Ligand code: PSV
Ligand code: MN
Ligand code: MN
């Protein structure tokens, strides 16, 4: 199923009147306080977020999985779903693939399909956290950190294969996330496991094409519950430095222990030019992978405030690769992703409103109250008219979920693909 610009434009007509007056009202207030609203709207419209191929089917927990009628059954259908999301929101102009779940059969066809939908291939993700059918070695006790040289070798080769696949698609980065760790004290030697990991990453880094980046993701626990080999940003940062200038840390919002100050981690990494990638989701307890902005929207805004500051002030830090890393077993995944895209752009737009100059002088004067007022003034602004305007500008839907439902997209997908589908992936 594809959505045409005309279908969306005709739905937009109904909402255009309300949007026009809301946008004008907000614009006037923002212009009065010195903002260039046209520029703000364009920056929001330009903000693109990659959709991970594994988020398009209903996710599961280790206790069960409830499939969603009309789930994508293969890579072509996943691309089609991201195309729908992009047509509706104008915010999802990229897809991030997990290999081997999404290994293409026909590269040319896949590239053409993506191009037609306005999508690029963002970071490639390797998978050494599951044993694949017919694999000679097991990852039961680790991959890049395994004490078995044969397992390590297999994991390194898999990553090299993922780079090759990515090159054929025009991707420019590889994300490595390791499930490696231990469930029990004494199970493994921390120092040796880290040393082996550094050595394996070095081999992958050596095979990286000149214009590629390596993103090293960290996570404190799960699936291992006592220790994880790359447990935190410090370990990832150390390994990235060990590898070289094309290696960076990747921050996944769900990969922190409760109450961690993630915005400060972002600031520290950007200060050192080492924040390469970002996975958005939200959480109450751990790596819950809930819809972005559904639990802690103010924390997300504070994180974006540091991201915006870093993008402006840390020229050594590359523009980060943005991706949603969330999955659900209760919502329609496409509706859920629309909600996440909206929450990300909303936090970004609010961060763009922060009066950085005023904040700096309030900080210099130790005016703590004023500092808080400046941040919260931006946070409390209802920026949704700007987001809608950004969509209108790019031919996307003023109200993406409303359009999705009015156009009965899920029913069409179900008619095409059937009720009992199982998306490949998690
Ligand atoms: C691991 O929890 C993670 O965040 C990594 O990014 C994986 O690639 C993804 O989730 C899917 O398992
Ligand atoms: Mn992640
Ligand atoms: Mn995760």
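Read-outs: derived from the displayed coordinates by stated rules, not from any lab. As the structure is a computational prediction, the values presented were derived from the model and not from experiment. Counting neighbours? That spans all protein chains shown, and the Cβs are built from the backbone with ideal geometry, glycine included.
Under 14 Å from a point 7 Å along the Cα-to-Cβ line of residue 330: which residues of segment 49-78 have their amide N that close?
Backbone N within reach: 59-61, 66.
Let a ≥ b ≥ c be the square roots of the eigenvalues of the Cα gyration tensor of segment 226-328; is it rounded (a/c under 1.5), or, if not, prolate (a/b larger than b/c) or oblate?
Details: a/c = 1.91, a/b = 1.27, b/c = 1.50.
Note, shape of segment 226-328 comes out oblate.
Which residue fluctuates the most in the chain, going by a Gaussian network model with Cα springs under 10 Å, if the choices are 180, 399, 282?
Between 180, 399, 282, it is 399 that shows the largest mean-square fluctuation.
Averaging sequence separations of C-alpha pairs under 8 Å and six or more residues apart, then dividing by the length of segment 261-408, give the relative contact order as a whole percent.
Relative contact order of segment 261-408: 23 percent.
Just want to confirm a number: the relative contact order over segment 42-194, from Cα pairs under 8 angstrom separated by 6+ residues, in percent.
Relative contact order for segment 42-194 comes out at 20 percent.
What is the Cα centroid distance between segment 1-59 and segment 207-243, reported in whole angstrom?
Measuring centre to centre over Cα atoms gives 35 Å.
With a Förster radius of 51 Å, plug the Cβ-Cβ distance of residue 221 and residue 111 into 1/(1 + (r/R0)^6) and report the FRET value to the nearest 0.05.
0.85
Anyone know which of 222, 373, 167 comes out most mobile in the 10 Å Cα GNM of the chain?
Per the Cα network of the chain with a 10 Å cutoff, 373 tops the list.
May I ask what percent, to the nearest 5, of DSSP beta bridges between residues of segment 48-345 are antiparallel?
15 percent
Quick one: 268, 228, fewest Cβ neighbours within 10 Å first, how do they rank?
Result, fewest neighbours first: 268, 228.
Quick check: Cα centre of segment 105-149 to Cα centre of segment 352-426, how many Å?
Here the two parts' Cα centres lie 30 Å apart.
May I ask you to sort 66, 301 by Cβ crowding, counting other Cβ atoms within 10 Å and putting the fewest first?
Going from least to most buried by this count: 66, 301.
Please compute the length gained on full extension between residue 259 and residue 360, using 0.36 nm multiplied by the number of residues separating them and subtracting their Cα-Cα distance.
Working: separation 101, 0.36 × 101 = 36.36 nm, distance 2.57 nm.
So the chain would gain 33.8 nm between residue 259 and residue 360.
Fewest first, what order do 213, 13, 246, 406 take by the number of other Cβ atoms within 10 Å?
13, 406, 246, 213
Running a GNM on the chain with Cα contacts under 10 Å, which residue among 292, 369, 383 ends up with the highest mean-square fluctuation?
369
Counting helices only, and only those DSSP H runs with n ≥ 4, report the 222 nm mean residue ellipticity of the chain as the sum of -39,500 (n - 2.57) divided by its residues, in deg cm²/dmol to the nearest 500.
Working: 15 runs with 207 residues, N = 426.
Dividing the helical sum by the residues of the chain leaves -15500 deg cm²/dmol.
Give me the number: length gained by fully extending residue 21 to residue 140, i.e. 0.36 nm times residue separation minus the C-alpha to C-alpha distance, one decimal in nm.
Here the answer is 36.9 nm.
With a point put 7 Å past each Cα toward its Cβ, work out how far residue 381 is from residue 184 in nm, to one decimal.
The answer from the label model is 5.7 nm.
What shape does the chain take by its C-alpha gyration tensor, where a ≥ b ≥ c are the square roots of the eigenvalues and a/c under 1.5 counts as rounded, a/b above b/c as prolate, and the rest as oblate?
Verdict is oblate for the chain.
Please report the antiparallel percentage of DSSP beta bridges with both residues in segment 182-317, rounded to the nearest 5.
Approximately 20 percent, going by the DSSP bridge assignments.
Hey, what did segment 48-345 get for relative contact order, percent, Cα under 8 Å, at least 6 apart?
Relative CO of segment 48-345 lands at 18 percent.
Let a ≥ b ≥ c be the square roots of the eigenvalues of the Cα gyration tensor of segment 181-290; is it rounded (a/c under 1.5), or, if not, prolate (a/b larger than b/c) or oblate?
Here segment 181-290 falls in the oblate category.
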